[in-house]
Amino acid sequence: MVVRDTDAETWEFLSTRRYTNAQFKADIPLQTVRVTQPGVVAALNAGLAEVEGDIVSITDDDAAPHPDWLERIAAYFTCDSRLGGLGGRDWIHHGNKLEDDSRLIVGRLQWFGRVIGNHHLGVGEPREVDVLKGVNMSFRKEAIGQLRFDERMRGTGAQVHFEMAFTLALKRAGWKIIYDPNVAVEHYPAQRFDEDRRNNFNEIALINLVHNETLVLLEHLSFIHRIVFLFWAILVGTCDSLGLIQWLRFLPSQGQLATKKLLASWSGRWQGYKKFVIRNDARSSLPLR
């Protein structure tokens with residue numbers, strides 16, 4: 001368990017040991033790791049540095065895994081030695097309302113750079129995917145090796161798309177990534193206390209989101225697909241990260257807000273592109289050995 005040093009309520013809870021067997025009816029060996037740097041990336045990397053065992057399973061503090069969650073995860077990794085990552089559905093609750101829609105396409109990266117999530121709506125048989133979702137993902141320690149979550153991801157809390165960089169790196173290394181809707185958690189999205197307030201527009205949060213997505217995809221895609229992605233992102237985009245066509249689509253209903261989203265999206269694209277170019281220039285300038 002990774003806890004921020006400033007999270008007084010959690011530390012108080014742990015110190016009073018109200019998480020004992022009497023409450024959870026199980027013998028839970030709990031190791032606590034203190035982290036001082038904000039953001040989910042620093043927290044997860046701190047946890048990875050301390051974790052033991054062959055499999056690392058990750059969920060959020062606003063999620064409740066199903067009783068058979070660990071059993072299903074263990075069975076998957078035992079049966080397939082090429083399995084590097086495993087994820088499943090997170091059933092999202094909005095108060096008393098449960099999102100119970102369904103999608104067959106989950107966790108896919110399309111050839112032109114559009115990412116399809118839908119992890120919270122996935123149904124059907126287990127299948128290979130490109131991307132997992134942070135609230136419900138497990139990895140083989142052998143596959144991870146020295147890989148860590150990308151510290152260049154922007155944001156002081158959620159750091160959106162941090163898991164995309166990690167899972168795509170495992171795919172590039174030849175490991176299999178599986179999504180099975182039956183490996184499930186109940187997800188109760190908690191209030192965020194950083195700039196990213198989920199469904200409320202915040203310019204900095206959107207710029208960070210698009211920066212992270214752009215940087216990850218440029219590093220994963222081939223040269224030709226990078227060019228296609230940049231043209232598509234600027235001219236078309238998605239309903240979250242607007243391009244010109246999406247701006248025209250939302251302009252009648254959102255007015256000035258649509259324009260703010262477009263400018264923030266373009267700013268995030270530019271900043272992510274610059275970060276990608278700077279890193280590659282630094283790599284090319286390294287002396288040959």
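With respect to the conditions (1) touching a residue at least 60 places away in the same chain (Cβ under 8 Å); (2) in contact with a helix residue (DSSP H, G or I) (Cβ under 8 Å, 6 or more places away or on another chain); (3) among the hydrophobic types (A, V, I, L, M, F, W, C); (4) crowded, with 22+ Cβ neighbours inside 10 Å, residue 131 lacks only one, and its number is (1). Restricting region 90-110 to residues that are farther than 21 Å from residue 163 by Cα and in a strand (DSSP E or B), the residue that is modelled with the lowest pLDDT is 94. Check whether at least one residue in region 264-281 is buried (at least 17 other Cβ atoms within 10 Å of the Cβ), assigned to a loop (DSSP other than H, G, I, E, B) and either at positive phi or at pLDDT 95 or above (or both), and report yes or no. No; the residues of region 264-281 include none that is buried (at least 17 other Cβ atoms within 10 Å of the Cβ), assigned to a loop (DSSP other than H, G, I, E, B) and either at positive phi or at pLDDT 95 or above (or both). One residue is enough: does region 117-128 have a residue meeting the conditions out of contact with any His (no Cβ under 6 Å at 6 or more places or on another chain), among the aliphatic types (A, V, I, L, M) and closer than 25 Å to residue 64 by Cβ? Checked region 117-128: at least one residue is out of contact with any His (no Cβ under 6 Å at 6 or more places or on another chain), among the aliphatic types (A, V, I, L, M) and closer than 25 Å to residue 64 by Cβ.
Scanning region 122-161 for residues that are in a loop (DSSP other than H, G, I, E, B) and over 16 Å from the mean Cα position of the chain (by Cα) gives 123, 124, 125, 126, 145, 146.
Conditions (1) assigned to a loop (DSSP other than H, G, I, E, B); (2) within 18 Å of residue 3 (Cβ to Cβ); (3) more than 14 Å from the chain's Cα centre (by Cα); (4) not acidic (Asp, Glu), marked per residue:
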site: 38; (1), (2), (3), (4): yes, yes, yes, yes
site: 41; (1), (2), (3), (4): no, yes, no, yes
site: 45; (1), (2), (3), (4): no, yes, no, yes
site: 48; (1), (2), (3), (4): no, yes, yes, yes
site: 53; (1), (2), (3), (4): yes, no, yes, yes
site: 72; (1), (2), (3), (4): no, no, yes, yes
site: 77; (1), (2), (3), (4): no, no, yes, yes
site: 81; (1), (2), (3), (4): yes, no, yes, yes
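Selection over region 217-263 of residues that are part of a helix (DSSP H, G or I), farther than 17 Å from residue 161 by Cα and of a type outside the set (Phe, Trp, Tyr) gives a count of 25.
The values are calculated or read from the model by the stated rules, or taken from the named source; none is laboratory data. This structure is a prediction, so every number in the text was calculated from the model and none was measured. Here Cβ is always computed from backbone atoms with ideal geometry, including for glycine, and neighbour counts include all displayed protein chains.
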